[in-house]
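Chemist: Structure provided below as C-alpha cells; questions to follow.
The values are calculated or read from the model by the stated rules, or taken from the named source; none is laboratory data. This is a predicted model, so every value here is computed, not measured. Neighbour counts run over all protein chains shown; Cβ positions are idealised from the backbone, glycine included. Side chains included, ligands, DNA and RNA excluded: accessible areas come from the protein's heavy atoms. Shrake-Rupley method; radii C 1.70, N 1.55, O 1.52, S 1.80 Å.
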Amino acid sequence: MKRPAWLSRPPIDPYILALLGTVGVAALLPARGTGADIASGGATAAVALLFFLYGARLSTHEALDGLRNWRLHLAVVACTFVLFPLLGLAAKGLVPYVLTPALYGGFLFLTLVPSTVQSSIAFTSIARGNVPAAICAGSFSSLIGIFLTPVLAAVLIGGQAGFSADSVVKIVLQLLVPFLAGQLLRRWVAPFIARHRRLLGYVDRGAILLVVYSAFSLGMVEGIWSQVTPLRLLALLGAEAVLLALMLTVTWFGAKRLGFGRADRIAIQFAGSKKSLAGGLPMASVLFGAHASLAVLPLMLFHQMQLMVCAVIAKRRSRDPEAQEREPQGREREPQGREGDGRAGPGVTPAPPGAASRTAAGTATRSA
C-alpha cells in the first residue's frame with residue numbers, strides 16, 4: 001500500500017521549529033551583560049559572513065548581463081520600495097484597533113526592507129521562470145536596500161528608527177563591504193562554495209538564528225514583550241496575509257499588463273512580493289536598538305508566511321500548460337539548486353527535468 005504523502009513529510013518545516021525554538025530559548029535564557037555582548041558580536045560577524053557568501057556566489061558576468069533587462073529590475077524595485085511602503089502607510093488605519101503603535105512600526109518596517117535573494121531564485125526555478133533575472137533582481141534589491149531602507153525608515157517611521165550617519169556606516173560595513181569582498185575574491189572562493197553549498201546553507205540559517213536570539217534576548221531584558229498579547233499576534237497575522245495576497249496579485253497581473261512574458265512575470269512575482277529576513281534583521285538591530293525584537297516580529301512572521309505560500313504557487317506554476325509547451329529563454333544556462341542547499345548559482349550542475357517540482361515540497365519553507 002502506498003504511504004500517504006503527508007506521512008512522509010513533517011507537517012512543519014524544521015527551520016520554522018528552529019526559529020520558534022530560538023525565540024523560546026531567548027525568552028527563558030536571554031543573553032545578559034557580557035553574554036549579550038558576545039551574542040551581538042557573533043550575530044554581526046555571522047551576517048557579515050552571510051553577505052560575503054552572497055557576493056562570492058553572484059557571477060559578475062550574470063550581474064552585468066542582467067542589467068540589460070532594466071524594465072524587469074525597475075518593476076521589482078518599484079514593488080519593493082514604492083508599492084510595499086504605500087501599503088504599509090495605508091495600514092496606519094489599523095492602529096489602534098487592530099495593531100498597537102509598536103506592532104505597526106514593525107509592520108511598516110517590514111514593507112521597507114529589500115527583497116530576498118535565494119528563495120526568489122529557488123521558487124523561480126521551480127516555477128520554470130527566468131532564473132538569471134531573479135538572481136540579478138534579488139541582488140540589486142539587496143544592494144539598493146542597504147542605503148534606501150534606512151532612509152525610508154527615517155522618513156516614514158521617524159523617531160522609532162534611530163537613523164543617523166553612524167547607523168548607515170554600520171549597515172554598510174556589515175552588509176555592503178562583505179558583499180563587495182566576496183565579489184573581489186570570487187575567483188578563488190567560488191569553487192569551494194560550489195563543492196560545499198549544502199554545508200554553507202547552514203551558515204545562512206545559523207546566522208539568522210543568532211541574530212534572532214540576540215534581538216529577542218534584548219527585548220526580554222528590556223521587558224518589551226509584555227506589550228504583545230496573543231490576540232494582537234493573530235491580528236498581525238491577518239494583516240500580513242492581506243498584504244501578501246495583494247502583492248502577489250499585483251506583481252503577477254501588473255507584470256502581465258506591462259507586457260512581460262511568462263518567465264519574466266514569474267521572476268517579478270517572486271522577487272517583488274517577498275522580504276528578506278537576512279537583510280532586515282541586522283538593519284533593525286542597528287536602527288531600533290532595544291526595541292528591535294518588536295520591530296522584527298512582523299518581518300519574521302511575514303517571512304515564513306511568504307515561503308509557505310510561494311512554495312504552493314511555484315509548484316502550480318510549474319504545471320502550467322504554457323510551461324510544459326515552451327521552456328523560457330535562457331533555460332540552458334539557468335543555475336539550478338535547492339533552497340535547502342542554500343544556493344542556486346553559477347557552476348551548479350543542472351537538475352534533470354522535473355527535479356525542481358519533486359523537491360518543491362521538501363524545500364517549501366527553507367529560509368533564505
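Chemist: Kindly indicate whether any position in the stretch 107-123 is β-branched (Val, Ile, Thr), in contact with a Pro (Cβ under 9 Å, 6 or more places away or on another chain) and part of a helix (DSSP H, G or I).
Modeler: The first filter runs over the stretch 107-123 and keeps only residues β-branched (Val, Ile, Thr), leaving 111, 113, 116-117, 121.
Subset that is in contact with a Pro (Cβ under 9 Å, 6 or more places away or on another chain): 111, 121.
Within this subset, residues satisfying the condition of being part of a helix (DSSP H, G or I) are 121.
Yes, because at least one residue in the stretch 107-123 is β-branched (Val, Ile, Thr), in contact with a Pro (Cβ under 9 Å, 6 or more places away or on another chain) and part of a helix (DSSP H, G or I).
Chemist: Shifting gears a bit: State whether the residues of the stretch 200-208 include one that is open to solvent by 70 Å² or more (accessible area, probe 1.4 Å), of a type outside the set (Gly, Ala, Ser) and either in contact (Cβ under 8 Å) with a residue 24 or more places away in the chain or closer than 26 Å to PRO85 by Cα (or both).
Modeler: Within the stretch 200-208, the subset open to solvent by 70 Å² or more (accessible area, probe 1.4 Å) is 202.
If we keep only those that are of a type outside the set (Gly, Ala, Ser) as well, we get 202.
Now drop any that are not either in contact (Cβ under 8 Å) with a residue 24 or more places away in the chain or closer than 26 Å to PRO85 by Cα (or both), which leaves 202.
Within the stretch 200-208, one or more residues are open to solvent by 70 Å² or more (accessible area, probe 1.4 Å), of a type outside the set (Gly, Ala, Ser) and either in contact (Cβ under 8 Å) with a residue 24 or more places away in the chain or closer than 26 Å to PRO85 by Cα (or both).
Chemist: Under 9 Å by Cβ, and 6 or more places apart or on different chains, what pairs join a residue from the stretch 31-48 that is over 18 Å from LYS170 (Cα atoms) with one that is at pLDDT 80 or above and assigned to a helix (DSSP H, G or I)?
Modeler: The qualifying pairs are ALA31/ASP37; ALA31/ILE38; ALA31/ALA39; ALA31/TYR213.
Chemist: What residue, among those in the stretch 226-269 that are among the β-branched types (Val, Ile, Thr) and either within 19 Å of the chain's Cα centre (by Cα) or modelled with pLDDT of 95 or more (or both), is nearest to VAL76 (Cα to Cα)?
Modeler: ILE268
Chemist: Mind counting the residues in the stretch 240-285 that are crowded, with 24+ Cβ neighbours inside 10 Å and within 30 Å of MET220 (Cβ to Cβ)?
Modeler: Matching residues across the stretch 240-285 total 13.
Chemist: Do the conditions hold for VAL82, that is, is it of a type outside the set (Ser, Thr, Tyr) and closer than 19 Å to MET300 by Cβ?
Modeler: no
Chemist: Quick one: which of PRO191, PRO150 is modelled with pLDDT of 85 or more and surrounded by fewer than 18 Cβ atoms within 10 Å (Cβ to Cβ)?
Modeler: Numbers: PRO150 fails: surrounded by fewer than 18 Cβ atoms within 10 Å (Cβ to Cβ).
Among PRO191, PRO150, only PRO191 is modelled with pLDDT of 85 or more and surrounded by fewer than 18 Cβ atoms within 10 Å (Cβ to Cβ).
Chemist: Please enumerate the residues belonging to the stretch 121-145 that are over 24 Å from GLY261 (Cβ atoms) and either open to solvent by 20 Å² or more (accessible area, probe 1.4 Å) or without any contact (Cβ under 8 Å) to a residue 40 or more places away in the chain (or both).
Modeler: Residues satisfying the conditions are LEU143, ILE144.
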